[in-house]
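Just below is one structure, and these are the notes that go with it.
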Amino acid sequence: MALTAAQQRATGLRFVERHCDAASPARWTKPQLDAAVVVVDQWLTDNQASFVAALNAGAPAFGGANSTAQQKAWLFVYVVLVRQGLL
Amino acid sequence: MATGVINLPIGAAVLPDGSASNAAPAIQRVKSSAAAPTPYFLQAAFDAATEEQLLWPLVVPADYGGTPVLNLLFKMLSASTGDVIVEGRVAAVTAGDATDVDAKALDAANTSAAVAVPGTVGHLAAITLALTNADSLADGDLAVVYLARDATNAADTAAGDLELVGVALSYTRL
């Protein structure tokens, strides 16, 4: 489900609060940050179905009813974090 | 005409109670990362999403002649671009007024221009805010000075906390 405008603003500012500092400053204004969050949110909306379909096809033991939507989301996030050296 | 100055230390501010529309900034003790002995100071961290506020009660000096101005020094926690906006208000009561101090309201808001944040995190910038709406402030009054970051103003565009490190109220002396 797509984020509301309030959730988009809160998400961007939470990101700044936790992941920006003097060494990695927030070089974006709040509206610019909102726009970035909207892009990510829209990308997820656009690609959610193909992600689920890929899981079902390539890993049927994990896909479909064998994992919850939350588990699929967590798996996606974990893979992203490890790929970026964040976990 | 000479100018008088009242320092309003961060540590002397009264924090609102945290109820709806009464959010308070975090008061932080900061230790410089320089070698010891190192400067310590207090700062108030104003959120980028919620309007948070500080208040200073004071007795107005005998040489107060008008033209109150809030002078602020701030830096940013993480933002290196965008603008901030602050809002100042005053409540003033003169001894003998038919006013219930316990029910006293703040005068109308005085809103600053959009002030650009420093391009480097940790650098200082200043805001000058004329308190045009000053509730007929006069010498000898009991006054409460209110300060907030207008974080929900569309023109307050800087992401991340505003760290307020210095506040002074200047005025024209009699």
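Each reported figure results from applying straightforward, stated rules to the coordinates on display, with no laboratory input. Note that the structure is a prediction, hence the values are computed from the model and not measured. Glycine also receives a Cβ, built like all others from the backbone with ideal geometry; neighbour counts cover every protein chain displayed.
A few notes on this one:
- Members of segment A:18-37 found to be over 12 Å from B:A158 (Cα atoms), within 7 Å of chain B (Cβ to nearest Cβ) and crowded, with 17+ Cβ neighbours inside 10 Å, listed by number: A:C20
- Yes/no for B:A108 being surrounded by fewer than 18 Cβ atoms within 10 Å (Cβ to Cβ), within 14 Å of chain A (Cβ to nearest Cβ) and over 24 Å from B:G11 (Cα atoms): no
- Filtered by the rule that a residue be farther than 16 Å from B:V165 by Cβ and buried (at least 21 other Cβ atoms within 10 Å of the Cβ), segment B:70-87 gives B:S80, B:G82, B:I85.
- Annotation note: of B:T38, B:T67, the sole residue that is among the hydroxyl-bearing types (S, T, Y), over 20 Å from the mean Cα position of the chain (by Cα), surrounded by fewer than 18 Cβ atoms within 10 Å (Cβ to Cβ) and more than 30 Å from A:D34 (Cβ to Cβ) is B:T38.
- Here B:V101 meets each of (1) of a type in the set (A, V, I, L, M); (2) crowded, with 20+ Cβ neighbours inside 10 Å; (3) under 30 Å from B:L174 (Cα atoms) with one exception, condition (2).
- Yes/no for B:A91 being part of a loop (DSSP other than H, G, I, E, B), more than 16 Å from B:V165 (Cα to Cα) and out of contact with any Ser or Thr (no Cβ under 7 Å at 6 or more places or on another chain): no
- Tallying residues that are part of a strand (DSSP E or B) and more than 7 Å from chain A (Cβ to nearest Cβ) within segment B:71-86 yields 9.
- Test for A:A35: is it of a type outside the set (D, E) and either farther than 27 Å from B:S80 by Cα or part of a loop (DSSP other than H, G, I, E, B) (or both): no
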